[in-house]
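The block underneath contains the structure these notes are about, expressed in structure tokens.
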Amino acid sequence: DDPGSSNAEQRFAQWKRVDEGLVASGAAKSNAIYDALGAQTNALKHHRLWSKPDGSEVACVATFGDDCVGHPGVVHGGVTSLLFDNTLGWANALSITKGGDPSQHDTVKQFGMTANLSVNYRRPLFVGQTVVISCSLDRVEGRKRFLKGVMKDGKTGGVI
């Protein structure tokens with residue numbers, strides 16, 4: 001593992017790793033994050049998902065490789081929005097299950113799908129950079145669930 005990701009993950013010592021079961025069970029096969037960006041191309045050099053024990057917040061720690069670029073050396077915005085969508089999905093599921101295992105549920109019926117994703121890009125994200133994406137439930141209006149998230153540099157904590 002890369003030292004940047006290890007340093008970024010130190011703050012999650014009291015949290016639980018939530019994606020290990022998905023990977024270990026083989027359920028991640030053909031998943032856009034774990035298979036296409038991870039195992040097949042190694043575009044994501046590091047990717048881990050952490051949750052507060054009660055499921056109230058989820059964090060993704062990721063380090064980007066050369067196969068994530070749009071402009072030379074700069075990670076493509078579509079890749080970052082994919083990671084936001086995935087992390088927000090985990091945050092939604094774990095907020096519903098109160099930190100319990102979401103794989104025990106019908107994910108489409110129980111957790112739904114993204115209807116709208118809005119990402120404001122603040123600065124470029126570079127290959128080799130480690131980020132922390134933190135996501136949580138913002139509010140519920142009827143059957144709609146609104147989530148929020150922020151991506152920060154894993155070293156400096158600056159918003160990206």
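The values are calculated or read from the model by the stated rules, or taken from the named source; none is laboratory data. None of these values were measured; they are calculated from a predicted model. Glycine also receives a Cβ, built like all others from the backbone with ideal geometry; neighbour counts cover every protein chain displayed. We work out accessible area using only protein heavy atoms, side chains counted, and drop any ligands, DNA or RNA first. Shrake-Rupley method; radii C 1.70, N 1.55, O 1.52, S 1.80 Å.
Between amide H atoms placed 1.01 Å from N, distances below 5 Å from LYS45 occur with THR63, PHE64, GLY65, all of them 5 or more places distant or on a separate chain. Solvent-accessible area of the chain (1.4 angstrom probe, protein heavy atoms only): carbon and sulfur portion equals 49 percent.
Could you work out the percent of alpha carbon pairs in the chain separated by over 28 Å, rounded to a whole number? When all Cα pairs of the chain are counted, 16 percent exceed 28 Å. What do you get for the angle between helix 77-97 and the principal long axis of the chain? Use alpha-carbon atoms, 0 to 90 degrees, nearest ten. The angle comes out at about 30 degrees.
When you count the other C-beta atoms within 10 angstrom of each residue and take the mean per peptide, 132-142, 57-67 line up highest first as 57-67, 132-142. What pairs from LYS29/LYS152; LYS109/LYS148; LYS45/LYS155; LYS109/LYS144; LYS45/LYS152; LYS16/LYS45 go past 19 Å between their alpha carbons? Table pairs above 19 Å Cα-Cα are LYS29/LYS152; LYS109/LYS148; LYS16/LYS45.
Only one residue of TRP50, LEU137, LEU125 has its Cα farthest out toward the positive end of the dipole of segment 4-160, where Lys and Arg carry +1 and Asp and Glu -1 on Cβ, and that residue is LEU137. Using just its DSSP H runs of length 4 or more, each adding -39500 (n - 2.57), the chain gives a mean residue ellipticity at 222 nm of -7000 deg cm²/dmol after division by all residues.
Rounded to the nearest 20 debye, the dipole magnitude of the chain is 500 debye, with +1 charges on Lys and Arg beta carbons, -1 on Asp and Glu beta carbons, and the Cα centre as origin. Entry note, segment 74-146: relative contact order of 45 percent, from Cα contacts under 8 Å with a spacing of 6+ residues. For segment 92-133, the square roots of the Cα gyration tensor eigenvalues, ordered a ≥ b ≥ c, give a/c of at least 1.5 with a/b greater than b/c, which places it in the prolate category.
As a size descriptor, the averaged projected area of the C-alpha convex hull of segment 1-91 was calculated at 6.0 nm².
Charging the Cβ of each Asp and Glu at -1 and of each Lys and Arg at +1, and nothing else, the dipole of segment 93-148 about its Cα centre rounds to 220 debye. Remark: the chain carries 56 Å² of accessible area per residue (probe radius 1.4 Å; ligands, DNA and RNA excluded). Working from label points 7 Å from Cα in the Cα-to-Cβ sense, the VAL159 to LYS16 distance is 3.1 nm.
Taking all Cα pairs closer than 8 Å and separated by 6 or more residues, the relative contact order of segment 1-137 comes to 29 percent.
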